[in-house]
Amino acid sequence: LVVLGPQYPYSKEQDSPALLAAQAIYEMRGNTPRLFRNTLVFLAVDRARLQDLDEAVRRYLAWNSILSEKETLDLSPHQVKQAETQRASADSTVTARIPEAYQWLLTPVQASPQTPVTWQADRLTGQDALAVRASKKLRSDDLLVTTLAGTVLRTEMDKIPLWRGDHVAVKQLVEDFARYPYLPRLKGPEVLLAAIREGLGLLLWMQESFAYADSYDEEAQRYRGLRAGELVTLSVDNLNGLLVKPAVAQRQMEAEQQPVTPLPSRPSRPGPEPGPEPSVPAPAPEPPPGKSQPRRFHGSVVLDATRAGRDAGKIADEVIAHLVGLVGANVTVTLEIEAELPNGAPEHVVRTVTENARTLKFTSQGFEEE
């Protein structure tokens, strides 16, 4: 969200300073063309409301200047108190008028690669912070996507198209969605990765999504680590995989299936047919040598308290997801928190933590004096 300065107010005229400034930032990054254009939206001040905001700011600056020169002006304590009251009042007025004045959200939109980019201007309403208002407005108008279905991703890939031959790199897709305004504007690359994971897990991946490969072997003309219809772990830190067209992936999978060798038939011999042989129970087959598969897993890990959310998400993707994906698996995850507080916990922290823990249905929780 790019907040334009007050020198670029918005009005509905075609040569609005805000619109001209937004177009310049959208097209260029310094002296070079901007690449990731589908990541920007702009917030501008209303020209009619700018005068009220400017007046409030000037009043605040005037009282602040008086207080900074109170010794030179030889103000009495009573006058200083009055000036401080006036400055605080002006400061409150400025704070109230900023969200009233900054009410225009400017969004570049493009219906298709063949049509030009147009600008959509929407007036923001509500009592939330400006960035929250902008986010809500974008989501309600489908101009900001926070969740994307795997089937929708496949549709976009076929429609544009985004394939580079028989496959496309995941990293390339992330760049495509950040570059081109005719694609959905995603909240971040994690939205795209979630759509890929969902598409790869579909049973009807041949018709509705795609396959995944770790890389492509040019010499052997085959995909390494090719898989589909199963859970695949992806992370923003590793975007080296490939999405493969389902028909191409299906051909390789069928070609690499091990053929079943038929048992040799017994040659027929001339002569009288033998009579029925007495049935003898066949001996039970001996179990093949080797280790039995493990049937239980347990593990514990210490998380960085300042990055617990990120680390827990990584553990969920890279460990828990593999276990949950096994047929019949019963996976239990327990989070244990232990905090040593040398200086003690203030009353408001005790109250907040206790109430939140109760709301989140902790099985046991409590503070101790020793």
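The values are calculated or read from the model by the stated rules, or taken from the named source; none is laboratory data. Just so we're clear, the structure is a prediction, and the values are computed from it rather than from any experiment. Neighbour counts are summed over all protein chains in view; Cβ atoms, including those assigned to glycine, are modelled from backbone coordinates with ideal geometry. What goes into the accessible areas is simple: the full protein's heavy atoms, side chains included, and nothing from ligands, DNA or RNA. Shrake-Rupley method; radii C 1.70, N 1.55, O 1.52, S 1.80 Å.
Okay, here's what the table says:
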quantity: For VAL248: the one exception among (1) modelled with pLDDT of 95 or more; (2) over 20 Å from the mean Cα position of the chain (by Cα); (3) more than 17 Å from VAL168 (Cβ to Cβ); calculated: (3)
quantity: Pair list, Cβ under 6 Å, 6 or more apart: segment 109-133 residue farther than 18 Å from GLN23 by Cα, other residue open to solvent by less than 50 Å² (accessible area, probe 1.4 Å) and charged (D, E, K, R); calculated: LEU124/ARG133; GLY126/ARG133
quantity: Any hit, segment 103-115, residues being closer than 30 Å to MET206 by Cα and not polar (S, T, N, Q); calculated: yes
quantity: Only one of LEU239, LEU263 that is modelled with pLDDT of 55 or more and over 27 Å from GLN172 (Cβ atoms); calculated: LEU263
quantity: Every residue from segment 7-34 that is in a loop (DSSP other than H, G, I, E, B), over 21 Å from LYS137 (Cβ atoms) and open to solvent by less than 90 Å² (accessible area, probe 1.4 Å); calculated: GLY30, ARG34
quantity: Single residue of ARG58, ARG87 found to be in contact with a Phe, Trp or Tyr (Cβ under 6 Å, 6 or more places away or on another chain) and in a helix (DSSP H, G or I); calculated: ARG87
quantity: Residues being of a type in the set (A, V, I, L, M) and open to solvent by 90 Å² or more (accessible area, probe 1.4 Å) - total across segment 55-72; calculated: 1
quantity: Any hit, segment 253-263, residues being of a type outside the set (D, E, K, R) and open to solvent by less than 30 Å² (accessible area, probe 1.4 Å); calculated: no
quantity: Residue within segment 34-52 that is basic (Lys, Arg), within 30 Å of LYS159 (Cα to Cα) and free of Cβ contacts under 8 Å to residues at least 40 places away in the same chain present; calculated: yes
quantity: Residue in segment 225-235 that is assigned to a strand (DSSP E or B) and either open to solvent by less than 70 Å² (accessible area, probe 1.4 Å) or touching a Gly at 6+ places or on another chain (Cβ under 7 Å) (or both) present; calculated: yes
quantity: When residues of segment 176-224 are limited to those that are among the basic types (Lys, Arg) and in contact (Cβ under 8 Å) with a residue 24 or more places away in the chain, the one farthest from LEU35 (Cα to Cα); calculated: ARG222
quantity: Unmet requirement for SER92, which otherwise passes all of (1) more than 30 Å from THR155 (Cβ to Cβ); (2) surrounded by 14 or more Cβ atoms within 10 Å (Cβ to Cβ); (3) of a type outside the set (Asp, Glu); calculated: (2)
